[in-house]
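The values are calculated or read from the model by the stated rules, or taken from the named source; none is laboratory data. Source: prediction; values computed, not measured. Reconstructed Cβ throughout: ideal geometry from the backbone, glycine too, with neighbour counts over all protein chains shown.
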Amino acid sequence: MYLENLVFDAVDPWSLGRFWEAALGCEQLTDGPGGYETRLAVEGGGDLDLCFQPVAEPTSASARLHLDVRGGADQSAVVERLLSLGATPLDIGQTDVPWVVLADPEGNPLCVMEHRASYVDSGPLAALPLDSADPARDAEFWSWLSGWTSVADAPMPALRHPSGRGPLLELCPEREPKGAQKNRLHLDIRLEDEDPDEVAAQITERGGRELHLGFGDLPWRHYADPSGNEFCVLPGR
């Protein structure tokens, strides 16, 4: 199994996809109607595909998964470039913090980060912070699920591609428990040779659960992690 996709619900998948493609220097994968896909490749690391799927309107739930863009010494220039691409300043109650909070064109929060040693080999996407009721527990769950490994010098439980390059998946203490509304962003895991039913059983044993959302006969299966965050498990290719 491996982490393949970061999926956005989007009212205008093409517009939002092109924003993030330009923001992170991704490679366009699709050119047809409907959804949009673009690939973030980190030299020496793994690929992460950003997928934008159409929805009638985005959920109003607070963002439990968001993107942290690497800023470092160029933080101000990165902020200005994102604003020029269509981002807007966002106040989520942050006070005197060293990062800058913006919103993408559909209102999803993003942060432009200051320099951190753990981001040196991240590439343009520094981290994917995910809200967690128990960060240490969920780090173990996502490490098993994705194959990513622990990052020793991160300020919170965090995982990274086993190459040691690419963004961190950071497990952040949640401000409030997960509500009933679906997250705007979620992650997709791709199976290789694993048996889907065995994986489903292991997810349940490790504190997750399968979701039955009534979407009909789909080739992938929906789950929630131990903190309730949705993710999908895709069949082997």
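So that you can scan it fast, the table gives a plain yes or no per residue for (1) in contact with an Asp or Glu (Cβ under 7 Å, 6 or more places away or on another chain); (2) farther than 24 Å from LEU50 by Cβ; (3) in a loop (DSSP other than H, G, I, E, B):
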residue: ASP96; (1), (2), (3): no, yes, yes
residue: PRO105; (1), (2), (3): no, no, yes
residue: VAL112; (1), (2), (3): no, no, no
residue: GLU140; (1), (2), (3): no, yes, no
residue: ASP153; (1), (2), (3): no, yes, yes
residue: MET156; (1), (2), (3): yes, no, yes
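Against the numbered list (1) out of contact with any helix residue (DSSP H, G or I) (no Cβ under 9 Å at 6 or more places or on another chain); (2) surrounded by fewer than 17 Cβ atoms within 10 Å (Cβ to Cβ); (3) part of a loop (DSSP other than H, G, I, E, B), ALA77 comes up short only at (3).
Identify, from the list SER118, SER84, SER132, SER122, the residue that is within 25 Å of VAL233 (Cβ to Cβ) and either among the hydroxyl-bearing types (Ser, Thr, Tyr) or touching a residue at least 24 places away in the same chain (Cβ under 8 Å) (or both). Just one listed residue meets the conditions, SER132. Before we move on, is GLU43 more than 18 Å from the chain's Cα centre (by Cα), acidic (Asp, Glu) and closer than 21 Å to VAL7 by Cβ? Answer is no for this residue.
For VAL199, state whether it is assigned to a strand (DSSP E or B) and either exposed (fewer than 11 other Cβ atoms within 10 Å of the Cβ) or not charged (D, E, K, R) (or both). When the stated conditions are applied, VAL199 does not pass them. Scanning the stretch 152-163 for residues that are modelled with pLDDT of 95 or more and within 29 Å of GLY17 (Cβ to Cβ) returns ALA158, LEU159, ARG160, HIS161, PRO162, SER163.
In the set SER146, SER132, only one residue is closer than 17 Å to ALA224 by Cβ, buried (at least 19 other Cβ atoms within 10 Å of the Cβ), in contact with a Cys (Cβ under 9 Å, 6 or more places away or on another chain) and modelled with pLDDT of 95 or more; that residue is SER132. Number of residues in the stretch 139-166 that are touching a Leu at 6+ places or on another chain (Cβ under 9 Å) and at positive phi: the value is 2. Screening THR204 with (1) part of a loop (DSSP other than H, G, I, E, B); (2) without any contact (Cβ under 8 Å) to a residue 40 or more places away in the chain gives one miss only, at (1). Exactly one residue out of LEU168, LEU191 is closer than 18 Å to LEU50 by Cβ and surrounded by 17 or more Cβ atoms within 10 Å (Cβ to Cβ), and it is LEU168.
The single condition from (1) farther than 30 Å from GLU176 by Cα; (2) part of a loop (DSSP other than H, G, I, E, B); (3) touching a residue at least 12 places away in the same chain (Cβ under 8 Å); (4) not hydrophobic (A, V, I, L, M, F, W, C) that PRO58 fails is (1).
Residue pairs whose Cβ atoms lie under 6 Å apart, separated by 6 or more positions or on different chains, with the first residue in the stretch 1-27 and farther than 18 Å from LEU128 by Cα and the second surrounded by 18 or more Cβ atoms within 10 Å (Cβ to Cβ) and of a type in the set (Ser, Thr, Tyr), are PRO13/TYR36; TRP14/TYR36. Filtered by the rule that a residue be surrounded by fewer than 19 Cβ atoms within 10 Å (Cβ to Cβ) and assigned to a loop (DSSP other than H, G, I, E, B), the stretch 207-227 gives GLY207, HIS212, LEU213, GLY214, PHE215, GLY216, ASP217, LEU218, PRO219, TRP220, PRO226.
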